[in-house]
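Below is one structure, written out as structure tokens; the observations come after it.
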Amino acid sequence: MTLSSALLEDALRWRREFHRHPELGYQEQQTSQFIAEELARAGLQVFRGLAGTGVIGTLENGPGPVIGLRADMDALPITEKGDAEWRSATPGVMHACGHDGHSAILLAAARQLAATRQFSGTVHFIFQPAEENLGGARRMVEEGLFQRFPMDAVYAMHNWPGLPLGSLAVNPGAMMASLDSFEITLHGKSCHAAMPESGADPMVVAAELILALQTIPSRRLSPLASAVVSVTQIHGGEAINVIPEQIVLRGTVRCLQTSVREKVRGLIDEFVATLPRPFGVSGETEWLPGYPVTANHVAPAERVREVARSTLGAEQVHWQVNPSMASEDFACMMEACPGAYFWLGADGETPSAPLHNARYDFNDALLPIGIRFWQNLVEQALPVA
């Protein structure tokens, strides 16, 4: 299979234009408009409006199975420090996770498949908004993605610094951790800092609680379980000589098993309810449920592995890799539809900057690899009779 130089040139141009004009979650107006126009120009049916800025391009080519391919479109609130010609022109916003590359790859794959049509069935190209913390995938599902566009399987890729270019990693199970956020409020009694006995100090409780929560992964869970509890914010106090009335702690929990996720939440609730009492302080927890575990279904994951072997070579395929404790809202799509999520290696001769780093830039050498992979996946999953 040969990709035309015109297609590769367009994919590169699209990627760098997306990078130059990044948009935050649910604000991807320019990006989604451009994608919709290019999909229509390639002859696809185009549907807009799911999750606000979401775009679905549908390519039908005879009877057969129906699959979905997903790319994320949103950028991050980070000030870019790179010096590429195509660096962000929007202050304080940049594509620091490669969604510009994911969208360019999927858009080019749609055009390639519309031109070649060596498959029998239907492909839905899903351009999703707001992957970064805002749950765009969940919103698309809630607004009827799989009711309006029923699918037998759905797939997503992500570039992955730390893996060499031309390699692919996939698991028949967990790839990424669940995500839950919490806000703990500690209610004490304010008093003069020189007379602590006349009040109830929530600051001391906050310090004890932050350390106590770290014993959940280390002492309340099996060493074989995977969990991270991170307190990332502490707010409270106004004057240097006043013990505050209230302290607020915020943070996240990441887990690789649903049962562990539920247990950790219960243990945090227990710590917050009981640890402050001897100090004369009360505590309460508000949970902000995020994403479930990104757990691949076995059959779609095996499909990805087989396509990767034929596309990249068996030696380039990593099966049963260590999952990441980061999170991915594609998990919400895989709760509603069988699917698989996989990583494409991004490191060239020199390692890539990490994801979410101000100096990160998508490795454009991934463009032809990703386009070929999507084309091969469609042609193998939807074979011509």
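The values are calculated or read from the model by the stated rules, or taken from the named source; none is laboratory data. These figures come from a predicted structure and were not determined experimentally. All Cβ positions, even for glycine, are placed from backbone atoms using ideal geometry, and neighbour counts span all protein chains on display. All accessible areas refer to the heavy atoms of the entire protein, side chains included, with ligands and DNA or RNA removed. Shrake-Rupley method; radii C 1.70, N 1.55, O 1.52, S 1.80 Å.
What tally of residues in the stretch 109-124 results from selecting those that are within 23 Å of ASP329 (Cα to Cα) and either in a loop (DSSP other than H, G, I, E, B) or open to solvent by less than 10 Å² (accessible area, probe 1.4 Å) (or both)? First the steps, then the outcome.
Of the residues in the stretch 109-124, the ones within 23 Å of ASP329 (Cα to Cα) are 109-110, 123-124.
Then drop every residue that is not either in a loop (DSSP other than H, G, I, E, B) or open to solvent by less than 10 Å² (accessible area, probe 1.4 Å) (or both), which leaves 109-110, 123.
Looking only at that region, the number is 3.
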**Asked** For the stretch 98-143, what are the residues that are on the phi > 0 side of the Ramachandran plot and of a type in the set (D, E, K, R)?
**Response** ARG117
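When you check ALA130 against the structure, is it more than 27 Å from ALA308 (Cα to Cα), under 22 Å from the mean Cα position of the chain (by Cα) and at pLDDT 95 or above, yes or no? Talk me through it step by step, then tell me what you get.
On the way: more than 27 Å from ALA308 (Cα to Cα): yes; under 22 Å from the mean Cα position of the chain (by Cα): yes; at pLDDT 95 or above: yes.
Yes; evaluated as a whole, the condition is true for this residue.
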**Fill in**
When PRO223 is run through (1) modelled with pLDDT of 95 or more; (2) of a type outside the set (A, V, I, L, M, F, W, C); (3) open to solvent by 80 Å² or more (accessible area, probe 1.4 Å), the failure sits at (1)
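So, in the stretch 156-191, how many residues would count as being polar (S, T, N, Q) and assigned to a loop (DSSP other than H, G, I, E, B)? Please lay out each step first, then the result.
Going residue by residue through the stretch 156-191, those that are polar (S, T, N, Q) are 159, 167, 171, 178, 181, 185, 190.
From the residues that got through so far, the ones that are assigned to a loop (DSSP other than H, G, I, E, B) too are 167, 171, 178, 190.
The total comes to 4.
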**Request:** Please enumerate the residues belonging to the stretch 1-24 that are among the acidic types (Asp, Glu), touching a residue at least 12 places away in the same chain (Cβ under 8 Å) and either assigned to a helix (DSSP H, G or I) or over 28 Å from PRO77 (Cα atoms) (or both).
**Result:** ASP10, GLU17
**Request:** Of the conditions (1) in contact with a Pro (Cβ under 9 Å, 6 or more places away or on another chain); (2) small (Gly, Ala, Ser); (3) farther than 24 Å from SER178 by Cα; (4) in a loop (DSSP other than H, G, I, E, B), ALA239 clears all except one; give me its number.
**Result:** (1)
**Item:** Restricting the stretch 295-324 to residues that are in contact with a helix residue (DSSP H, G or I) (Cβ under 6 Å, 6 or more places away or on another chain) and of a type in the set (A, V, I, L, M), the residue that is least open to solvent (accessible area, probe 1.4 Å)
**Value:** VAL307
**Request:** Quickly run through the stretch 342-385 and pick out the residues that are open to solvent by 40 Å² or more (accessible area, probe 1.4 Å) and of a type in the set (Ser, Thr, Tyr).
**Result:** THR350
**Request:** List the number of the failed condition for VAL141; all other conditions in (1) in a helix (DSSP H, G or I); (2) of a type outside the set (S, T, N, Q); (3) open to solvent by less than 20 Å² (accessible area, probe 1.4 Å) hold.
**Result:** (3)
